Structure formats: structure tokens, C-alpha cells
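Read-outs: derived from the displayed coordinates by stated rules, not from any lab. Computed from a predicted model, the values in this text were never measured in an experiment. Every residue, glycine among them, receives a Cβ derived from its backbone with ideal geometry; neighbour counts consider all protein chains shown.
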Amino acid sequence: MGKYEIEGLEDKTKNLDAILNNCKLCPRECCVNRNKGETGYCNSTKDLMVSSVQPHFGEEDVLVGYHGSGTVFLTNCNLGCVYCQNYDISHLGHGQLMTETELAHSMITLQTRGCHNINFVTPTHYTPQIVKSLMIAAEEGLHIPIVYNCSGYESRSTIELLDGIVDIYMPDMKYSDAATASRYSNAPDYFDRCKEAVKEMHRQVGDLKLDGRGIAVKGLLIRHLVLPNGLAGSASVLKFIAAEISKDTYVNIMAQYRPMYRAYEYEELNRVLKMSEYREVIAIARKYGLHRGFV
């Protein structure tokens, strides 16, 4: 059965599944009955929608290792980012139905192919279905680390239910300003909810730990995408991480912003990032004592 214990997973599965009757999985708290086919902001019912399942080599080196990260791209999203890089999956809903058993078998296949982890991308709105799949996969011998690769717009109560299930949390920390989060992701409470969730994630798994090969096995890895014109409020995000999480936090400060999806509608977003803007954020991170995850 590997390291995932069935005892305890069953109770958590029941608790998560019950939430779908009055959905409050994420901070939007749409309160729709997804078990009866109703949909809220994420446009998802109780049925699991998956875009792709594959070894992925475009993630952080500590996840990719030698054989790739076993990535499960989930359809739909609880955020509304106007510059979404995966808008065909997250906004347009491209994907196919998959049962929890089928997903479990896919995870075992990824493990057999040598993937170093199972990496759930945009998992928040499918947390109950994912935990059910993990319970099935555990019985079939799944033992590699589980990665929760999310937008950061999470409910602490949902993250608490994942204690002991998720090995590696990989949240975005997108913004520090409420008006900016509202304008570009329709989530004015983003930073408040993100801070609560990331604190809980760190409480559960601590700083990122690597094995002898330099591959992540447990801990917190934060992503921060630098936006043009300082729109991400990077200084406040990095100060929070250093002061209230840990100076040893692994922070991937990303420079790959491109004006995708509807970004052309916003003049301030309709250009690529300048390298000088990126270097400025790196300097801020160093000023606050952060030192892992960026060069």
C-alpha cells in the first residue's frame, strides 16, 4: 500500500465529498450543490475533468529530476486571471471526463514510468475527487510524493483536510494588493486568503526538503510571477514570505510573463516583462534574506 494510509483517508474523503453539497472548497464559497450537477464560479460539478496526464519536464528542476514530474492538468479554475497562460484549460474548459479509478490507474502508470511525484495542477475545485483517487491508488502501491500545485486562492479549512496527504505544496503568491487582485483575477481578498493558506501549508510540511539527488520529497515551494509595471506587488509578497513563513522558503521568482488570453485589453499588461523589472524583484528577495529557488 506504500506510505498512504487508508485509515483516515476515508473520513477525509467523506468530509470533502459532503462539502460538495454546499460547496465551500475555496474562498468564493458559492454554496452550490455540485453533487446534484450545480456549478459555481469554477464551472465544475462532481465529475472530474482532466486535460492531460503525462510526465512533464517544464516544472522546477527539483520536481522534474531525471524522469519528469507526473503531472495531472485539471480542467477549470477558481480564479479568473485575465492573462492566464493555460486559458484553454482553465477558462475554456478543454478536457475530458475521468473517473477517480481511472485517475488512480493513471497515477500508478506515471509512477511505473519513473516520475518522481504526482503533480496536481489547479486541484482546488477537485480536492474531494483527488483524495478519492489517492485512496484507490494507495491500495495499488502508490508511494511517490504528492504535489498540490495551486493558484494560492485557497481556503485554510480545505488545506487543513489535506494534512498528511499532500507532501509538497506549490502555491502561487500572485499579488499583494486587493485592487490589483480584483482587476486581474476577480479576487479582491486574494492576498488575505493566500497568506492564511500558505501559513497552514508550511505548518504541515515545513521548508522544502531534497533527497541526495536534489529532488524534492517534502515541503513548501512558492511561485511568484513578476508582472509588468510592478503590478504583482512583489515587495510585500516577498516580505511576508521572509518574515512570516521562513527565510529558507524555496521561492521560484518567475520571469516568463507573456500577455496571453485577455491581457491585450489592459494596456499595463500588454507587453513582456523587462529584465530590469525582474532583476529588481530578485534584489528585493535578497534584501529580505530569501536565498532558495532563484539565481
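The value for the chain of Rg(Cα) / (2.2 N^0.38 Å) is 0.95. Short-range pairs are left out: with C-alpha atoms under 8 Å and at least six residues apart, the relative contact order of the range 113-240 is 24 percent. For the range 243-295 versus the range 157-201, the inter-centroid distance based on Cα atoms is 17 Å.
Only Lys, Arg, Asp and Glu carry charge here, each on its Cβ (+1 for the first two, -1 for the last two); on that basis the range 6-287 has a dipole of about 620 debye about its Cα centre. Mean residue ellipticity at 222 nm, helices only, the chain: -9500 deg cm²/dmol; runs of at least 4 DSSP H residues each add -39,500 (n - 2.57), and the sum is divided by the number of residues. Over the chain, calculate the relative contact order: mean separation of alpha carbon pairs under 8 Å at least 6 apart, over the residue count, as a percent. 16 percent.
A Förster radius of 22 Å combined with the Cβ-Cβ distance from residue 254 to residue 203 puts the calculated FRET efficiency at roughly 0.30.
Of 32, 281, 62, which is farthest along the charge dipole of the range 6-287 in the positive direction, counting Lys and Arg as +1 and Asp and Glu as -1 at C-beta? Of the listed residues, the answer is 281. Calculate the FRET efficiency for residue 18 and residue 288 from the Cβ-Cβ distance with a Förster distance of 51 Å, rounded to the nearest 0.05. Result of the calculation: an efficiency of 0.80. Per-residue packing, averaged as other Cβ atoms within 10 Å, sorts the ranges 120-133, 262-275 into the order 120-133, 262-275, beginning with the highest. Applying 0.36 nm per residue to the separation of residue 39 and residue 270 and subtracting their alpha-carbon distance, the gain on full extension is 80.0 nm. Bridgeable lysines around residue 174 (alpha carbons under 24 Å apart, same-chain partners fewer than 8 residues away excluded): 24, 195, 199, 209, 218, 239, 247, 274, 287.
Looking at the chain only, what percent of DSSP beta bridges run antiparallel? Nearest 5 please. Given both bridge residues lie in the chain, the antiparallel proportion sits at roughly 30 percent.
Net length available on complete extension from residue 244 to residue 60 is 63.9 nm, with 0.36 nm assigned per residue and the Cα-Cα distance removed. With contacts taken as Cα pairs under 8 Å and at least 6 residues apart, the range 199-295 reaches a relative contact order of 30 percent. Subtracting the Cα-Cα distance of residue 236 and residue 112 from their residue separation scaled by 0.36 nm leaves 40.4 nm.
Think of each Lys and Arg Cβ as +1 and each Asp and Glu Cβ as -1; about the Cα centre, that makes the dipole of the range 232-295 roughly 240 debye.
When you count the other C-beta atoms within 10 angstrom of each residue and take the mean per peptide, 99-109, 204-214 line up highest first as 99-109, 204-214.
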